[in-house]
Amino acid sequence: PKGRKETGLYAIAGAKLFEEALEMRQRFHSAAFAFDKTEKHQDVIRLLEESGIPVYAMPGAMMESVCGTETPQGAFALLHAPSFDLPDDLLQLGTKTVALDGVQDPGNVGAIMRTAQAFGAGSVVLGKGCASPLNPKVVRSCMGAIFRIPVYETDDIADLLAVLKNKGYTTIAGHVQGNEETPACLERCALVIGNEARGVSPGVEKQCSVLWRLPMPGSMESLNASVAAGVMMYELFVREK
């Protein structure tokens, strides 16, 4: 995190992700390949070099150390981080947005970003206490969604929801004590997913027009945050259309 903040760079791994980043016109700083992977990835290397991006080769052991994963793919790049500042006009968040209130697990944050993009959300907003969108585990689990959906950060999700309500959004929170009836299809809505252990915070809950609990005929009390978010997004953004 300190390095990302000081340099304004973040890391991605895997040649396929490089291709997506190039396609979406992401700003590369540099790329590197393990010696034994350069021949396999000649096409990607050519695309990078044609775009004026410095490309390096390094020993496989060094690549493993740099990537910090158990199964490195032999390809590693540094990209310039985008801005995560909220737009001045909050209507740019889109008619369907997903707000995360203290979702700490990077795998959950990445999976929610990926699902939001897949189901047509206009944006994802990360509140205080959420895993960074540039965390390597977030980047891996979102599978390129960080290139395809606007992601924003805010220190005050409750205040954001209050403003969105004034702009005609219905604010819906996943909540263990909520109503099990699926909210009606709405022109503008913000779906709020809370912390894995505590749920939505009291201040955020006050700004939610609807508290919604998914029906669970089984004996479990709750679902994983990203699984619950996925089901809710499908119901709100896809099925209700």
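The values are calculated or read from the model by the stated rules, or taken from the named source; none is laboratory data. As the structure is a computational prediction, the values presented were derived from the model and not from experiment. Cβ atoms come from the backbone with ideal geometry, glycine included; neighbour counts cover every protein chain shown. Keep in mind that these areas ignore ligands, DNA and RNA; they rest on the heavy atoms of the full protein, side chains included. Shrake-Rupley method; radii C 1.70, N 1.55, O 1.52, S 1.80 Å.
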So the strands (runs of 3 or more DSSP E) completely within segment 1-72 holding 2 or more residues that are closer than 16 Å to I146 by Cα are 9-13
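Taking the conditions exactly as written (surrounded by 21 or more Cβ atoms within 10 Å (Cβ to Cβ), in contact (Cβ under 8 Å) with a residue 40 or more places away in the chain and at negative phi), does A11 satisfy them or not? Give the steps one after another, and end with the answer.
Working: surrounded by 21 or more Cβ atoms within 10 Å (Cβ to Cβ): no; in contact (Cβ under 8 Å) with a residue 40 or more places away in the chain: yes; at negative phi: yes.
For A11, the condition - surrounded by 21 or more Cβ atoms within 10 Å (Cβ to Cβ), in contact (Cβ under 8 Å) with a residue 40 or more places away in the chain and at negative phi - is not met.
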Within segment 112-122, restricting to residues that are surrounded by 23 or more Cβ atoms within 10 Å (Cβ to Cβ) and of a type in the set (G, A, S), the one that is farthest from N195 (Cα to Cα) is A121
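Look at G129 and say whether it is part of a loop (DSSP other than H, G, I, E, B) and within 18 Å of the chain's Cα centre (by Cα).
On the way: part of a loop (DSSP other than H, G, I, E, B): yes; within 18 Å of the chain's Cα centre (by Cα): yes.
Yes: the conditions hold for G129.
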Expected single match for at pLDDT 95 or above and closer than 10 Å to H175 by Cα among V227, V200, V204 is V200
The number of residues in segment 170-200 that are assigned to a loop (DSSP other than H, G, I, E, B), closer than 20 Å to G127 by Cα and open to solvent by less than 40 Å² (accessible area, probe 1.4 Å) is 1
Yes or no: T7 closer than 26 Å to C130 by Cα and out of contact with any strand residue (DSSP E or B) (no Cβ under 7 Å at 6 or more places or on another chain)? yes
Exercise. Got at least one residue in segment 86-98 being crowded, with 24+ Cβ neighbours inside 10 Å and either among the β-branched types (V, I, T) or in a loop (DSSP other than H, G, I, E, B) (or both)?
Worked result: yes
Selection over segment 19-37 where residues are loosely packed, with under 14 Cβ neighbours inside 10 Å and of a type in the set (D, E, K, R) yields a count of 4
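Table: residues versus (1) of a type outside the set (A, V, I, L, M, F, W, C); (2) assigned to a strand (DSSP E or B); (3) open to solvent by 10 Å² or more (accessible area, probe 1.4 Å); (4) under 27 Å from Q92 (Cβ atoms).
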| site | (1), (2), (3), (4) |
| --- | --- |
| K165 | yes, no, yes, yes |
| G168 | yes, no, yes, yes |
| C208 | no, no, yes, yes |
| M216 | no, no, yes, no |
| L223 | no, no, yes, no |
| V227 | no, no, yes, no |
| Y234 | yes, no, yes, yes |
| V238 | no, no, yes, yes |
